[in-house]
Amino acid sequence: MASEVLPVSQLPMRASPQQSHSPFNNGQRVLKPGQKNRPSLDCMKMLEPGRKKLSSVETQRVVAALDETIKKLELVSLFQYAIEYLERYSIVFGSELTGALREHHRLQINMQRQLSHSSKELTEEKGQQGSLWGKTNMADTAHMNFTTLRQGVQSSVRNVLRLFLANPTASKAVRSEGQVRDQASQKLIQSLSELRGFLFEMLLTSPLEQKERIRLLQEITLSDHKNREALSALEEELNAAILDRDTEIAKENEVIWQLKISIHQLEKNSECQARRTLQEAEKQQKSDRRASQGKCAKLQQDLQQLRSQLNGAIVENREVELSLRKKKYKVETEIENWIQKYDADMGEKQTELEEIEAVYEEEKAQLAELKEKLSVFEVEYVQIMEERHQAQIKKEAEEKELAKRNQAAAFIQAHWKGYRVRKAMKSKKKKKKKGKGKGASGKGKGKKGKK
């Protein structure tokens with residue numbers, strides 16, 4: 001389906017000069033050269049899966065099984081590399097995995113030997129004539145041996161894969177050497193990865209999305225067919241324009257031919273004029289030559305006078321040069337003496353500097369020791385101050401607790417004293433009430449006796 005959409009974006013859009021001014025051709029819309037027939041962004045989004053993750057457990061299991069197969073195939077394709085460099089990875093693999101790889105290598109060698117032996121026997125049987133029963137028996141034995149070796153290799157591969165999966169470090173170390181994998185294994189892994197991507201995209205797409213995608217692709221195909229028809233019409237117009245251009249070129253070629261003829265005539269006229277100009281130039285050259293010879297003689301005399309002046313100046317300059325060389329030698333000797341004196345002074349200064357540096361290093365070492373001691377004292381001082389601060393906080397807390405207890409005791413004592421006073425007052429009131437009650441009852445009894 002995707003291959004049907006691809007040509008739409010790759011169509012070359014061409015139009016004739018006459019068509020660039022009119023956007024319509026025979027009642028149909030014609031694309032201009034600057035336009036591109038591409039699907040809109042909404043169409044492209046419709047072609048993409050609607051979801052980014054798998055929702056059902058079954059699809060997740062299918063993709064997980066395919067990922068596990070690719071991972072195991074990557075490991076199996078690197079078994080031979082791991083066997084070749086077994087000593088290099090022996091620490092990472094461990095003893096169990098190393099032994100399993102050696103056993104797998106041994107089974108591979110036995111299987112190769114069995115295959116080579118079987119091929120030799122087949123070639124010998126073809127060359128010799130024997131009983132059919134003996135040939136059949138030998139073939140069955142070879143087939144049984146090969147089947148046993150094949151089963152052993154299969155179980156060895158499973159065992160090595162199990163050990164690699166149990167040791168993630170070894171698995172990561174081997175998979176990091178993917179560039180040494182052979183081309184056939186790489187192609188198989190790449191094909192499985194592409195299959196995984198295609199399957200993942202198919203599992204992400206629901207049936208409704210698939211129907212919508214098919215409908216959209218059909219619309220794009222129909223649009224592509226219309227564009228091709230428009231393109232064929234444009235090509236026909238282009239051919240007509242090319243024919244017109246060829247006729248115009250033929251006319252222009254005729255004009256060019258006539259211009260060439262006129263240029264040829266001009267060249268003939270220019271040659272005659274060039275001959276006349278050359279003759280005049282030769283006459284002027286002769287007159288100039290005579291004048292230059294007179295100037296050369298005069299310049300020769302001036303040159304001789306200048307040479308005599310140069311020789312006199314050279315003699316004078318040699319005397320000046322000799323005196324300057326003497327002064328230069330004298331200055332150089334003085335400079336040499338000053339350099340020697342400077343070297344001696346700098347040597348003394350260097351020794352003094354080295355002594356001062358030695359004293360500085362010693363004092364620096366002492367300063368480092370004092371800093372170390374001071375850091376220890378600072379730590380102890382901080383601990384002591386922290387302990388004092390904690391003790392002060394504890395003391396203040398105890399004083400606050402004692403003040404609270406004293407206040408509570410005073411409060412309790414005050415309440416207790418009030419309680420006792422109230423209790424004593426109540427007892428006194430009860431005694432007074434009892435005395436009054438007894439006096440009243442005695443008076444009543446006396447009245448009844450009189451009656």
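I70 contributes an accessible area of around 20 Å² to the protein surface, as traced by a 1.4 Å probe with all chains present. Kirkwood analysis of segment 171-223, using all unique Cα-Cα pairs, places the hydrodynamic radius at 14.2 Å. May I ask for the net charge around I83, where only other residues with Cβ less than 13 Å from the Cβ of I83 are counted and Lys, Arg are +1 while Asp, Glu are -1? Charge balance in the 13 Å sphere: -1.
When a 1.4 Å probe is rolled over the protein heavy atoms, the share of accessible surface on segment 261-395 that falls to carbon and sulfur comes to 56 percent.
State to the nearest 20 debye the size of the charge dipole of segment 254-333 about its Cα centre, where the only charges are +1 on K and R beta carbons and -1 on D and E beta carbons. I would put it at about 480 debye. Sorting L73, L299 by solvent-accessible area of protein heavy atoms yields L299, L73, largest first, with a 1.4 Å probe.
Put a plus charge on the Cβ of each Lys and Arg, a minus charge on the Cβ of each Asp and Glu, and nothing anywhere else: the dipole of segment 196-312 about its Cα centre is then about 1580 debye.
Size descriptor for segment 241-346, Kirkwood hydrodynamic radius: 23.4 Å (Cα pairs only, one decimal).
When only the Cβ of Lys, Arg, Asp and Glu is charged (+1, +1, -1, -1), the dipole of segment 222-266 relative to its Cα centre reaches about 200 debye. With Rh defined as the Kirkwood radius, the inverse of the mean 1/r over Cα pairs, the Rg/Rh of segment 224-296 is 1.65.
Measuring nothing but alpha carbons in segment 269-404 and taking Rh as the Kirkwood radius, the Rg to Rh ratio lands at 1.80. Here's the picture: charge each Lys and Arg Cβ at +1 and each Asp and Glu Cβ at -1 in segment 237-380, and of N239, Q285, I335 the one pushed furthest to the positive end of that dipole is Q285.
Take the Cβ atoms of I356 and R88, set R0 to 51 Å, and the FRET efficiency comes out at 0.35.
The values are calculated or read from the model by the stated rules, or taken from the named source; none is laboratory data. Just so it is clear, the structure is predicted and the values come from calculations on it, not from any experiment. So basically every Cβ, Gly included, is an ideal-geometry build from the backbone, and we count neighbours across all protein chains shown. The accessibility values were calculated without ligands, DNA or RNA, using every heavy atom of the protein model including side chains. Shrake-Rupley method; radii C 1.70, N 1.55, O 1.52, S 1.80 Å.
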